[in-house]
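Following: one structure in structure tokens, then a few remarks.
The values are calculated or read from the model by the stated rules, or taken from the named source; none is laboratory data. Computed from a predicted structure; not experimentally measured. A quick note on method: Cβ atoms are made from the backbone with ideal geometry, for glycine too, and the neighbour counts reach across all protein chains shown. SASA here: full protein model, heavy atoms, side chains in, ligands and nucleic acids out. Shrake-Rupley method; radii C 1.70, N 1.55, O 1.52, S 1.80 Å.
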Amino acid sequence: MNPILLHMKFFIDTANLAEIKEANNLGILDGVTTNPSLMAKEGITGEVNILKHYVDICNIVDGPVSAEVISTDYKGIVREGEYLATLHKNIVVKVPMILDGIKAIKHFSKKGIKTNCTLIFSAGQALLAAKAGATYISPFLGRLDDISANGIDLVGQIRHIYNNYTFDTQILAASVRHPMHIINCAELGADVATCPLKAIKALANHPLTSSGLETFLADHAKGNS
Ligand code: E4P
């Protein structure tokens, strides 16, 4: 287990402000991840609106908020990432897993800018990102499952590799689709799971809890009628 791991963190994987507020109000939210597709889904387009939306999210949640660059060349990633980092102290620059991205992560790491290396689908990619000093790496569980690979196995493999050394890079399990993904991530010691609100809320469900509560309330009503 990662020695710096104090407790598992829950991030919400959305750009929807109402969902972010709802998760934050539960008192268990540690941060937020977004990506260009999630921003587009909320109808947030145009640079000014996108940047304002990141600040709006930062004003709701007191924790890391991943904002993804759209440049794919080293200079562009650095320029964009350095600007994103000025928006709010909690911004984490999300950088794609490409060689120019790795080079940029090394640059950000030297400057103390936090990064999330996204689109991780193999242990080799996770190793490279940790070598560059990424703050987080995002293995995409659901998308691996979608192609009949095993996303959870990848989390275990990365945990094993990171535990062999003193990398500070945190495993941020992404593309989480359901509560079992979250539980499997916890079993394997993922530092963070970023989840849809629905998957977080589903952790609370159990039919025996529902029926047990129903009985308790009915018995209380009988005794007090
Ligand atoms: C978050 O960092 C990722 O971009 C996100 O979890 C991807 O999820 P998806 O595979 O459901 O689109």
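Brief remarks on what is shown
- Inside segment 25-68, residues that are more than 13 Å from the ligand (Cβ to nearest atom) and either closer than 22 Å to Glu82 by Cβ or open to solvent by less than 60 Å² (accessible area, probe 1.4 Å) (or both) make up a count of 21.
- Test for Asp73: is it within 21 Å of Tyr136 (Cβ to Cβ), loosely packed, with under 15 Cβ neighbours inside 10 Å and more than 15 Å from the ligand (Cβ to nearest atom): no
- Pair list, Cβ under 6 Å, 6 or more apart: segment 87-104 residue closer than 19 Å to Phe140 by Cβ, other residue hydrophobic (A, V, I, L, M, F, W, C) and open to solvent by 40 Å² or more (accessible area, probe 1.4 Å): Pro96/Leu119; Met97/Leu119; Ile102/Leu128
- For segment 95-124, the candidate set comprises residues that are part of a loop (DSSP other than H, G, I, E, B) and of a type in the set (A, V, I, L, M, F, W, C); within that set, the residue that is nearest to Ile161 (Cα to Cα) is Phe121.
- Scoring Gly81 on the criteria (1) at negative phi; (2) without any contact (Cβ under 8 Å) to a residue 40 or more places away in the chain; (3) under 15 Å from the mean Cα position of the chain (by Cα) leaves a single failure, condition (3).
- Consider segment 104-124 and keep the residues that are within 14 Å of Ile77 (Cβ to Cβ) and within 14 Å of the ligand (Cβ to nearest atom). The one that is surrounded by the fewest Cβ atoms within 10 Å (Cβ to Cβ) is Leu119.
- Spans of helices (runs of 4 or more DSSP H) in segment 1-94 with at least 1 residues within 23 Å of Phe167 (Cα to Cα) and in contact with a helix residue (DSSP H, G or I) (Cβ under 7 Å, 6 or more places away or on another chain): 74-87
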